[in-house]
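Student: Handing you this structure, nothing more for now.
Please treat every number below as a calculation from the coordinates, not as lab data. Quick caveat: nothing in here was measured; it's all calculated off a predicted structure. Because the Cβ atoms are built from the backbone with ideal geometry, glycine has one as well, and the counts that use them run over all protein chains shown.
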Amino acid sequence: MNSEQDSSTRKLILTMLKTRSSMTVSEMAKELGITEMAVRRHLNTLERDSLIESKLVRQAMGRPTHLYSLTLLADDLFPKKYHHLTLDLLGELAEEAGEDVVDGLFERRKKKLISRYGQRMEGKELKQRVAELAEIQNSNGYMVEWEQDGEGNYVFKEHNCPISQVANQYNHACACELNMFEQLLSADVKRTECLAKGGTKCIYIIQDK
């Protein structure tokens, strides 16, 4: 079996576990029309990647058997459309209370994030603060790369924006992120490209004050 077929079979296993909640090896083998040994080989790979987990279940008769299910990590592989709900709720709020109230929500979120991450910046040089910010943003799914240019500035690139659908409609979200960066880094920060405005990435130029 080639690697493309392997990948396809593992996707089928993940889909089955998503729809069935949990299954045994024999149940999966029967459903897929392959041997139990082949199923175990795929399960070993999925378990190694922390996408599935198993528990030993005792049966009324016979030996205990392993029951496999998805981990929380695997659940993220399936489509999510939370932004539709978020946009609907923000739209309702804006209609009821006005755009200023929505902007106020983004401001409060910004302040909470600054409060949450501020202590991680204490006592660090700017380069260390930039590295810390990259780690924070990466943990939130922003796919960050950063480097120092020939003039001593830092170029901070975000290749993904988890809130891009919201930011496309509510520009204040982007303004809050820029301001958050300035406060966390205690530096001058300029955005030169933005995903929410048609860019291929978000790029920030960071200068020491």
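Student: Tell me, what is a quarter of the convex hull surface for the C-alpha atoms of segment 82-208, in nm² with one decimal?
Tutor: The Cα convex hull of segment 82-208, projected and averaged over all directions, gives 7.7 nm².
Student: Okay, next question. Run the paramagnetic zone check for GLN128: 7 angstrom along Cα to Cβ, then residues of segment 179-204 with backbone nitrogen under 18 Å.
Tutor: Within reach of a label on GLN128: 184-187.
Student: Helix-derived [θ] at 222 nm for the chain: sum -39500 (n - 2.57) over DSSP H runs of at least 4, divide by residue count, nearest 500?
Tutor: Only helices count here, giving -17000 deg cm²/dmol.
Student: Also: Quote the FRET efficiency, to the nearest 0.05, computed for LEU77 versus SER139 with a Förster distance R0 of 25 Å and r equal to the Cβ-Cβ distance.
Tutor: Efficiency for this residue pair is about 0.85.
Student: Taking only Cα atoms, what is the 0 to 90° angle, nearest 10, from helix 172-185's long axis to the longest principal axis of the chain?
Tutor: For 172-185 against the chain, the angle is about 80 degrees.
Student: Round to the nearest 10 and give me the degree value, 0 to 90, for the angle of helix 3-20's Cα axis relative to the longest principal axis of the chain.
Tutor: Its long axis makes an angle of about 90 degrees.
Student: Something else about it: For the chain, which longest stretch is free of loop sites, where a loop site is one of the GluC sites (Glu not before Pro) that DSSP puts outside H, G, I, E and B and that has at most 13 other Cβ atoms within 10 Å?
Tutor: 1-121
Student: Report, in degrees rounded to the nearest 10, the 0 to 90 angle that the Cα long axis of helix 99-117 makes with the longest principal axis of the chain.
Tutor: Long axis of 99-117 versus the principal axis of the chain: about 80 degrees.
Student: Going toward the positive end of the dipole of the chain, with +1 on Lys and Arg Cβ and -1 on Asp and Glu Cβ, which of LEU12, HIS159, LEU87 do you reach last?
Tutor: Result: LEU12, furthest along the dipole toward the positive end.
Student: Taking 0.36 nm per residue of separation and subtracting the Cα-Cα distance, what length does fully extending LEU67 through SER7 add?
Tutor: Here the answer is 19.5 nm.
Student: If every alpha-carbon in segment 151-206 counts as one equal scatterer, what log10 I(q)/I(0) does Debye give at q = 0.21 1/Å?
Tutor: -0.76
Student: Calculate, for LYS209 and ALA97, the FRET efficiency according to 1/(1 + (r/R0)^6) with r their C-beta to C-beta distance and R0 45 Å; round to the nearest 0.05.
Tutor: 0.75
Student: Go ahead and run the numbers for FRET between ALA60 and LYS30, Cβ-Cβ distance against an R0 of 22 Å, rounding to 0.05.
Tutor: Once rounded, the FRET efficiency stands at 0.65.
Student: For the chain, give the magnitude of the charge dipole about the Cα centre (Cβ charges: +1 Lys/Arg, -1 Asp/Glu; no others), in debye to the nearest 20.
Tutor: It comes to approximately 980 debye.
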